[in-house]
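In what follows, a single structure is set out as structure tokens and then discussed.
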Amino acid sequence: MISPTLKQLRTTADFVHSVLPPTPQIRWPLLCQRTGAEVWVKHENHQPVGAFKVRGGLVYMNELKEREPDVTGVIAATRGNHGQSIAFAAARTGLRAVIVVPHGNSVEKNAAMQALDAELVVHGGDFQDALVYAAELAKKKKLHFVPSFAEPLVRGVASYALELFDHLSDLDAVYVPIGMGSGACGLIAVRNALGLNTEIIGVCATGAPAFALSFEAKRPVSTETVNTIADGMACRAPDPDALQIILNGLARMVTVTDEEIRAAIRFLFADTHNVAEGAGAAPLAALLKERTRMQGRRVAIIQSGGNIDTDLFANTLAAAKTA
């Protein structure tokens, strides 16, 4: 069980903040009107790679270099944001980065990783295929394999939760998207370390329900396929360690459809003029789904990233005219 102390979390956050400034948490009046709650948005879409993952990548790579000073390169699998995180952090520490993505991955996320000097390898039909292949390539190419879930990644991304709770210690609830679990587990770790009573509510896509099914069954449940526009939540095999933390720390899990996610992308743009990718909009979709339950409560939503392809974003906005 990953359970860092408050001192460990603050020390890690100090390192993250030596590289990256904190992101804002903003109360948007139009979102409050739309939801009937006092809504604060944690804007991880303001990160230099457009998503929260970079926090964990920095910590993982820094500690890897300290622990294994002779390491020369790393490899990871991704749908985009984890890969950008690893590429960004690897470049900062002078390491070669190889990133494996599935066929059909986001064109713009691929371009962003290559712009960070990552070597891109395309393999498989989904993230799980890419993950298995990355582990195989790590052995062949003698590269350090960076998993999608690990203690330094959780401790790193937990720095956003410290920023949020230090600013808003009396939140009733936080909605967080779940891909491989580091964002949710970071929130749980900080909430527990601070001794707060805030409910943490996980959000999954109906087309990628592995974590939701696992939460209900209280054991890992994999799916054969995933089908969602929210590539940051396109997981079909939950990490057992992440699931254990989530089982112990989440209040509940909410699933949202792609149409609900698309609507939330439009609402975030209209109400805040921020661009959200699918995973970044899913928390708002979940809050809207629970609108009656959350009336008058003080709530945060984690806008985990803004890395949506231009065509998908344009089509999503255009769909509002015909809805």
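As a summary of the residue check, Phe313 satisfies the conditions (1) over 15 Å from Ala230 (Cβ atoms); (2) surrounded by fewer than 20 Cβ atoms within 10 Å (Cβ to Cβ); (3) among the aromatic types (Phe, Trp, Tyr) except for the one numbered (1). Residues of segment 36-74 that are within 23 Å of Leu288 (Cβ to Cβ), open to solvent by less than 10 Å² (accessible area, probe 1.4 Å) and in contact with a Leu (Cβ under 8 Å, 6 or more places away or on another chain): Ala37, Val39, Val41, Lys42. When segment 60-84 is filtered for residues that are more than 20 Å from the chain's Cα centre (by Cα) and of a type in the set (A, V, I, L, M), the ones remaining, listed by number, are Leu64, Val71, Val74.
From the list Leu137, Leu143, Leu153, the lone residue that is open to solvent by less than 30 Å² (accessible area, probe 1.4 Å) and farther than 18 Å from Gln84 by Cα is Leu137.
Among residues of segment 7-22 being open to solvent by 60 Å² or more (accessible area, probe 1.4 Å) and of a type outside the set (S, T, N, Q), the one that is nearest to the chain's Cα centre (by Cα) is Pro22. Within segment 285-306, the set of residues being of a type in the set (Lys, Arg) and open to solvent by less than 70 Å² (accessible area, probe 1.4 Å) comprises Arg297, Arg298.
Only one entry of Asp231, Asp241, Asp258 meets the criterion of being closer than 20 Å to Val146 by Cα, modelled with pLDDT of 95 or more and not β-branched (Val, Ile, Thr), and that entry is Asp241.
Out of all the residues in segment 139-148, is one or more at pLDDT 95 or above and among the small types (Gly, Ala, Ser)? Within segment 139-148 (the criterion being at pLDDT 95 or above and among the small types (Gly, Ala, Ser)), the answer is no, since none of the residues qualifies. Contact annotation: no residue pair with Cβ atoms under 6 Å, 6 or more positions apart or on different chains, pairs a residue in segment 238-250 that is within 11 Å of Arg219 (Cα to Cα) and among the polar types (S, T, N, Q) with a partner that is modelled with pLDDT of 95 or more and open to solvent by less than 40 Å² (accessible area, probe 1.4 Å).
What about Gly186, is it closer than 15 Å to Val59 by Cα and touching a helix residue (DSSP H, G or I) at 6+ places or on another chain (Cβ under 7 Å)? The answer is yes for Gly186.
Considered as a group, the residues in segment 93-136 that are among the polar types (S, T, N, Q), more than 23 Å from Asp70 (Cβ to Cβ) and out of contact with any Gly (no Cβ under 9 Å at 6 or more places or on another chain) include one that is modelled with the lowest pLDDT, and that residue is Gln128. Before we move on, is Ala251 of a type outside the set (Val, Ile, Thr) and under 20 Å from Asn81 (Cβ atoms)? In short, no. Those helices (runs of 4 or more DSSP H) of segment 160-266 in which at least 1 residues are crowded, with 24+ Cβ neighbours inside 10 Å and touching a Phe, Trp or Tyr at 6+ places or on another chain (Cβ under 7 Å), considering only elements entirely within it, cover 182-194, 240-249.
Take Ala97 and tell me if it is open to solvent by less than 10 Å² (accessible area, probe 1.4 Å), within 19 Å of Ser182 (Cβ to Cβ) and part of a strand (DSSP E or B). Judged against the criteria, Ala97 is a match.
The values are calculated or read from the model by the stated rules, or taken from the named source; none is laboratory data. Note that the coordinates shown come from a computational prediction; the quantities given were computed from them, not determined experimentally. Counting neighbours? That spans all protein chains shown, and the Cβs are built from the backbone with ideal geometry, glycine included. Quick note on the areas: whole protein, heavy atoms, side chains included, nothing else; ligands and nucleic acids left out. Shrake-Rupley method; radii C 1.70, N 1.55, O 1.52, S 1.80 Å.
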